[in-house]
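Notes for the one structure printed next.
The values are calculated or read from the model by the stated rules, or taken from the named source; none is laboratory data. Small disclaimer: the values here were computed from a predicted structure and weren't measured. FYI the Cβ positions are ideal-geometry reconstructions off the backbone, even for glycines, and counts take in every protein chain you see.
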Amino acid sequence: MVILGHFGAPWGVKGWIKVDSYTDPPAAILNYPVWQVARADGGWEPVRVATGRPQGAGRLLVAALEGVASPADARRFVGRDVAVPRSELPEPGAGEYYWEDLLGCRVATLEGVGLGVVSHFLDYPAGPVLVVRDGTKERWVPLAPRHLKKVDLGTRCVTVDWDPEF
């Protein structure tokens, strides 16, 4: 599964729910009619999307899910990840990759200093952040061309322009 978004709070009185989309553009998540929703036991639950639309600025959308007719029904999805099977996603183009592909990759500076491995990502309004862990030390590297210099999925290595002391 590839995580494409995250459920927020219920929206309105008809059971719609807020969705923080990680796709580019954000509304592209609505191209998938069935979402897999993370369960507490680590499994996935399929949910059919009835309709959805952008709401406000940024990545926020609202969606109506089949079988969800009230805010109380929608509350059971709050805080859960939204994913689709990898097989449903298009192949990334040259120089493109899915965040999921970077998990576990080694991260090194331009000078070859190892910083650790990609642990996870944080998505903030100012832009996404690559979280790199080396034991107990954690570094947050903005996922911007200024800092992200090379991704080599063959060797599972990401090269960044980053101060190893930071």
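So here's what we get for this one:
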item	result
Some residue of segment 20-29 being outside the structural domain of residue 121 (by TED's automatic domain parsing) and assigned to a strand (DSSP E or B)	yes
Residue 75 vs. criteria at pLDDT 95 or above, basic (Lys, Arg) and surrounded by 11 or more Cβ atoms within 10 Å (Cβ to Cβ)	yes
Only one of 64, 57 that is aliphatic (A, V, I, L, M) and at pLDDT 95 or above	64
Residue satisfying condition, being within 30 Å of residue 47 (Cα to Cα) and either surrounded by 12 or more Cβ atoms within 10 Å (Cβ to Cβ) or in the same structural domain as residue 26 (by TED's automatic domain parsing) (or both), within set 101, 134	101
